[in-house]
Amino acid sequence: MNAESRARLNQTPEWTALAAHREQLGEVRLCDLFAADPARGTAYTLQVGDLHIDYSKHLVTAETLTLLRDLAAATDVFGLRDAMFRGEKINTTEDRAVLHTALRAPRDAVIMVDGENVVPAVHAVLDKMSAFSERIRSGEWTGHTGKRIKNIVNIGIGGSDLGPAMAYEALRSFTDRDLTVRFVSNVDGADLHEAVRDLDAAETLFIIASKTFTTIETITNATSARDWLLTELKAGQDAVAQHFVALSTNAEKVSEFGIDTANMFEFWDWVGGRYSYDSAIGLSLMIAIGPDRFREMLDGFHLVDKHFRAAPPESNVPLLMGLLGVWYGNFHDAQSHAVLPYSHYLSKFTAYLQQLDMESNGKYVDRDGREVDWQTGPVVWGTPGTNGQHAYYQLIHQGTKLIPADFIGFAEPVADLAPGLVAQHDLLMANFFAQTQALAFGKTPDEVRAEGVAEELVPHKTFKGNHPTTTILAKELTPSVLGQLIALYEHKVFVQGAVWNIDSFDQWGVELGKVLAKRVEPALTEGAEVPDLDGSTTALVAKYRDLRGR
Ligand SMILES: O=P(O)(O)OC[C@H]1O[C@H](O)[C@H](O)[C@@H](O)[C@@H]1O
C-alpha cells in the first residue's frame, strides 16, 4: 500500500471504534470484570511453548480484544509478518530484508534473499562457531604462549553487547564455571580496565563483536585491548591471531584491524544489531554454555517464530501482547511499560529489551515519511521484581501514572542450589503472585478501616488497584525458554511497529550524537575551534578543559 492509499492510522474506522469503546468502558474495574466472569482467571490465558501467559488482569473485555484484532487486521500486521518471514525488504529506509528468524530456521528450510537461499550460510557459521567453541572448551585452542584459554572478554556495544551479556547472565547455571566471561561496552576506559585487571593475558581471548566494525567505542576498546595484551605478553603483532576473533558483517574492516578473517564469524545485513544475539554475535555465549545448549536456545526461538506465523489472531501471543501495548499507549495515555522478572538470572533482561523495543519503535516518522499523530514506542524499564518492590513499586501502586507491567516468573529454580536456598524460591514466587494481585485489586478504604487504622491514615493506606499486568510463567529458565521469551518480545515489538506504521528495523535517531561527538572531540583534546557550536556546549567544553587543566 502506498502513502496516498493508506489511511492515517487514527482516522481508520477501527481506531475510531476503539476510541469510542474506550470512552464507553470508562473507568472499568478489574474487580468488576472478575466478579462478572469468575472463569476469567483461566479463560484469559494462552500457552506458547513452555510459556503460560495470563492476561486476565488487563483492562479489557472480549469486545476490546475483538476491536484490537480488527485494528491489527486493518493495518495488515499479518501481511507484513509474512513479508518479513519471506525475506522481503521490509526495512525500507535501509532497503534490507529483516530475517533474524532465519538465524534459527532448521537446516532444511529455504529462505530466499536476492535470489539466494540464506539458510545454508546460517548453518555453516553455526557449525564454525560450534567447532571453535569446542576447541576453546576442550583446551585445544591455546594462547600465544601455549596456555589454555580461561577468560573470554566480549568487546561490543548495543546489540553486540546487550544480547550476549543478558543471555550469559540468564543461563549462568548452564555455563562452564571454569571459564571467566566478561563484557566490555563502555568507551569509558574504566570498563576495560576493570574487566582485565585480574586476568592473565596469556589465558585471555578477546571477541570483538561489531556488525559494522566501525563503531568507535568498540574499535577504541579493541585497540586498547590489543595494546594491553601485547604489553602483558611482551609479544609482537603475531600474538594477536591466538587471542582475537571477530564477529562482523564487514570482513574488510576486520582484516584492516589486524584480525585474520579465518578467525571471523560472519553474519549479514539482514540481521539487525538488536536482533543479533542468536547469530555469530552469540559466540561468547556459545563458548560459555556449549553448542548443544545454544542450539536448544535457537529451537526455543524457532518454536515461537512458528507460533507467531501460524497461530490464529485469537491465540497469537505476540499479537496479543503487542495489541495490549497499543491499548494502553494509544487509548489510556500510558507512557511506559515495566518488565519485571522474578529471577536473579534475568537481571539484564529488561536492559536488553530496552534496546530491542525503544530502538525499534522510538520513531515519530511513519513508513510513508510522515510524522505520526499517535504515540509510538513506550519507555521500557524495570529490574528484577523483588528488588524493585523495595524501591520504585511505590509509584506503580500509588503514583499518578498508569504503568502496565509484565511479570515473568518460574516454578522452579534452575541452579543447583543448597536445600535452604531452594526453599527460598516459594518466598520469591509468593511475592510474584502477591504483587500482581495487589496491583489489580488493591485495598479499599473499608478494608483498611477494618484493620483498625486511624481515619486520617486511611487514604494513605488505601490501594486503588486496577493496575494492569501480564503474568508469564514457565517451569524453569532453560536455554529454550530464554529463546522463547526473546522471540516473544521480538514479535511483540514487530506487531506494534506494524500497527503504528513505523519502520522498526532502522535506527537513524542514534546517528546525530555520533556525528557531533566526532566534531566535539578535537575541542576537548586540542582546544580546536568547533564551528557553529552552541553557547551551552561551548561553555561546557571550556569548563571541561579548565577542570582537566588544559
Ligand atoms: O554492532 P555494531 O555495528 O558495532 O553496532 C553497535 C550498536 O551501535 C549502533 O549505534 C546502533 O544504535 C545499534 O543498533 C548497534 O547495535
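The values are calculated or read from the model by the stated rules, or taken from the named source; none is laboratory data. Because the structure is a prediction, the values reported are computed rather than measured. Cβ sites come from the backbone with ideal geometry, for glycine too, and all protein chains shown count toward neighbours. We work out accessible area using only protein heavy atoms, side chains counted, and drop any ligands, DNA or RNA first. Shrake-Rupley method; radii C 1.70, N 1.55, O 1.52, S 1.80 Å.
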If amide H atoms are modeled at 1.01 Å from N in the peptide plane, then the residues at a separation of 5 or more from Ile152, or on another chain, having amide H under 5 Å from its own are Thr180, Val181, Arg182, Leu205
In region 391-490, trypsin sites (Lys or Arg not before Pro) in a DSSP loop with at most 16 other beta-carbon atoms within 10 Å: Lys401, Lys464, Lys475
Stretched out fully, how many nm does the piece from Trp508 to His344 gain, at 0.36 nm a residue minus the Cα gap? 55.7 nm
Whole-number accessible area per residue in Å² for region 45-176, which is evaluated in the context of all protein chains at 1.4 Å: 37
Rounded to the nearest 10, the angle in degrees between the Cα long axis of helix 317-331 and the longest principal axis of the Cα atoms of the chain comes to 70
The chain - charge dipole about Cα centre, Lys and Arg +1 at Cβ, Asp and Glu -1, debye rounded to 20: 500
Which log10 I(q)/I(0) values does the chain give at q = 0.05 Å⁻¹ under the Debye formula, counting every alpha carbon as one identical point scatterer? -0.23
Helix-only CD estimate at 222 nm, as mean residue ellipticity for the chain, using -39500 (n - 2.57) per DSSP H run (n ≥ 4): -14000 deg cm²/dmol
Grab the other residues whose beta carbon is less than 10 angstrom from that of Leu199, score K and R as +1, D and E as -1, and report the net. -1
What are the ³J(HN,Hα) values, in whole Hz, obtained from phi via the Karplus relation 6.51 cos²θ - 1.76 cosθ + 1.60 with θ = phi - 60°, for each residue of region 72-86 in sequence order, with x given for Gly and Pro? 4, 5, 5, 8, 6, 4, 6, x, 5, 4, 5, 5, 4, 4, 6
Measure nothing but the geometry: give the 0 to 90° angle between the long axis through the Cα atoms of 13-25 and the longest principal axis through the Cα atoms of the chain, rounded to 10°. 60
At what distance in nm do the modelled label points of Glu27 and Glu88 sit from each other, each positioned 7 Å from its Cα along Cα→Cβ? 4.6
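Are there trypsin sites (Lys or Arg not before Pro) in region 180-248 that DSSP marks as loop and that have at most 10 other Cβ atoms within 10 Å, and which are they?
Passing sites in region 180-248 are Arg197, Lys234.
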One finds, for Asp373 and Ala415 with R0 = 41 angstrom and r their Cβ-Cβ distance, a FRET efficiency to the nearest 0.05 of 0.25
With every protein chain in place, what's the accessible area of Phe257 (1.4 Å probe, Å², nearest 10)? 20
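What do you get for GluC sites (Glu not before Pro) in region 469-540 restricted to DSSP loop and a cutoff of at most 16 other Cβ within 10 Å of the site's Cβ?
Listed in order of number, the matching sites are Glu476, Glu526, Glu529.
What does the net charge come to around Phe432 if you take all other residues with beta carbon closer than 14 Å to its beta carbon, with K and R at +1 and D and E at -1?
Taking every other residue near Phe432 into account, the sum is -3.
How big is the charge dipole of region 104-230 about its Cα centre, in debye rounded to the nearest 20, if each Lys and Arg gets +1 on its Cβ and each Asp and Glu gets -1 on its Cβ?
Details: 14 positive and 18 negative charges, 63 e Å.
The dipole of region 104-230 has a size of about 300 debye.
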For Val48, residues with placed amide H under 5 Å, excluding near neighbours: Ile53
Rounded to whole Hz and in sequence order, give me ³J(HN,Hα) for region 132-148 from the Karplus expression 6.51 cos²θ - 1.76 cosθ + 1.60, θ = phi - 60°, writing x for Gly and Pro. 5, 4, 5, 5, 5, 5, 7, x, 5, 7, 10, x, 4, 8, x, 7, 5
Positive-pole candidate from Pro313, Gly483, Leu428, dipole of the chain, charges at beta carbon: Leu428
If unit charges are put on Cβ atoms (+1 for Lys and Arg, -1 for Asp and Glu) and the dipole of the chain is taken about its Cα centre, the option from Val122, Ala202, Gly26 lying farthest towards the positive end turns out to be Ala202
Rounded to a whole number, what % of the accessible area of the chain do carbon and sulfur atoms account for, probe 1.4 Å? 52
Given backbone amide H placed at 1.01 Å from N, residues whose amide H is under 5 Å from that of Ile208, ignoring those fewer than 5 places away on the same chain, are Ile155, Val245, Ala246, Leu247
Positive-end extreme of charge dipole, region 112-289 - chosen from Gly189, Ser248, Gly146 (charges on Cβ): Gly146
For region 112-289, what's the relative contact order in percent, using C-alpha pairs closer than 8 Å and at least 6 residues apart? 29
